[in-house]
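Q: Quick one: structure below, then a few questions.
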Amino acid sequence: MPKKILTAILTLVLLQNVSHAAPRSDVEDILETTQESDGNTKKVDLDEENISLSVPKPPKTKKRRAVYYPFTQSISPRLGSLVKLDEFKQKPTGAFEYLIGFNYLLYSIRSPHYEIGADLVSNAEGHLNIAKRWIIAERSGFRPFYKAGVLLRMVGNEGFATFANIKNYMACGSVGIEDYFKAPLSLRLELELAVGTERNYLLLVFGYSWAW
């Protein structure tokens, strides 16, 4: 009988010591967060899940340098291509011509400005044009613009009669951009449409603007 009582006392003492044992530090260090899965909570190792809690830095963006454009008039040499839209469907390769010319922007403090110009075309013709031009943000370095005016076809075999031929006059409009490169130069790109009673032209020209 005393032997059974002694065994029972030893068993109770051992169970009590086990229940008060310190937790394993090697397990608790890696269990840093919890996540829900099927209604049960379990420990997740952040290193094994490859989860970063740091806030990412915003990407660096290059800011465009502010430029003030002080000029009030300019001359713009240009080179480009002319497409005869009426002939494009019948003979696409023969509908293209090349042109070289210039535009002069008359003095004005603010928009709208008047612009006149002349072109020589590879089909032995020429153009004279006058237009009214509106510049968006005209004192900044990047200056989009649009304009509307009249274009006159100069036909060589007509001589001075080309001015009297109403069929040679065409309404024209264009959109373009000028980007300030280095004083006093700006790069220029322009798309222009000219519509007449007999012909319709599409012009794509580029060049530079020399201002003062």
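Q: From R110, R133, grab the single residue that is basic (K, R) and under 14 Å from E192 (Cβ atoms).
A: None of the others qualify; the one that does is R133.
Q: For the range 66-88, state whether one or more residues are among the small types (G, A, S), at pLDDT below 90, within 19 Å of L185 (Cβ to Cβ) and loosely packed, with under 15 Cβ neighbours inside 10 Å.
A: Among the residues of the range 66-88, at least one is among the small types (G, A, S), at pLDDT below 90, within 19 Å of L185 (Cβ to Cβ) and loosely packed, with under 15 Cβ neighbours inside 10 Å, which makes the answer yes.
Q: Could I ask something else about it? Can you say whether E87 is without any contact (Cβ under 8 Å) to a residue 40 or more places away in the chain, outside any strand (DSSP E or B) and farther than 21 Å from S209 by Cα, as far as the supplied structure shows?
A: So E87 fits the description; yes.
Q: Pairs please, first residue from the range 183-204 and touching a residue at least 60 places away in the same chain (Cβ under 8 Å), second anywhere and among the polar types (S, T, N, Q), Cβ atoms under 6 Å, 6+ apart in sequence or on different chains.
A: Close Cβ pairs satisfying both conditions: S186/S209; R188/S76; R188/S209; E190/S174; L204/S81.
Q: Would you call A171 surrounded by fewer than 16 Cβ atoms within 10 Å (Cβ to Cβ), modelled with pLDDT of 95 or more, on the phi < 0 side of the Ramachandran plot and of a type in the set (G, A, S)?
A: So A171 fits the description; yes.
Q: Report, by residue number, each residue of the range 135-182 that is within 17 Å of V121 (Cα to Cα), among the charged types (D, E, K, R) and free of Cβ contacts under 8 Å to residues at least 12 places away in the same chain.
A: E158
Q: Is there a residue in the range 191-200 that is more than 18 Å from K84 (Cβ to Cβ), surrounded by fewer than 17 Cβ atoms within 10 Å (Cβ to Cβ) and out of contact with any Pro (no Cβ under 6 Å at 6 or more places or on another chain)?
A: No; the residues of the range 191-200 include none that is more than 18 Å from K84 (Cβ to Cβ), surrounded by fewer than 17 Cβ atoms within 10 Å (Cβ to Cβ) and out of contact with any Pro (no Cβ under 6 Å at 6 or more places or on another chain).
Q: Check L106 against each of (1) loosely packed, with under 14 Cβ neighbours inside 10 Å; (2) in contact with a strand residue (DSSP E or B) (Cβ under 9 Å, 6 or more places away or on another chain); (3) farther than 22 Å from L187 by Cβ and name the one condition it does not meet.
A: It fails just one condition, (3).
Q: Related question: Regarding the range 193-203, can at least one residue be identified that is in a strand (DSSP E or B) and within 20 Å of Y104 (Cβ to Cβ)?
A: Checked against the condition, which is being in a strand (DSSP E or B) and within 20 Å of Y104 (Cβ to Cβ), the range 193-203 yields at least one hit.
Q: Please work out if S186 is assigned to a strand (DSSP E or B), of a type in the set (S, T, Y) and within 17 Å of L85 (Cβ to Cβ).
A: In short, no.
Q: Still on this structure, I have one more. Could you list, ordered by first residue, the pairs with Cβ atoms under 6 Å in which the first is in the range 120-132 and in contact (Cβ under 8 Å) with a residue 12 or more places away in the chain and the second is surrounded by fewer than 17 Cβ atoms within 10 Å (Cβ to Cβ) and part of a loop (DSSP other than H, G, I, E, B), at least 6 apart or interchain?
A: Note: pairs meeting the criteria are K132/P112.
Q: Would it be correct to say that V195 is in contact with a Cys (Cβ under 8 Å, 6 or more places away or on another chain) and not acidic (D, E)?
A: Yes, satisfied.
Q: Which of the residues belonging to the range 129-151 are assigned to a strand (DSSP E or B), surrounded by fewer than 18 Cβ atoms within 10 Å (Cβ to Cβ) and not basic (K, R)?
A: Correct list: I130, W134, S140, F142, P144, Y146, A148, V150.
Q: Test E158 against the stated conditions and say whether it is acidic (D, E) and buried (at least 20 other Cβ atoms within 10 Å of the Cβ).
A: no
The values are calculated or read from the model by the stated rules, or taken from the named source; none is laboratory data. Treat the numbers as computed from the prediction; the structure is a model and nothing was measured. Quick reminder, even Gly has a Cβ in these numbers, built from the backbone with ideal geometry, and neighbours come from all protein chains shown.
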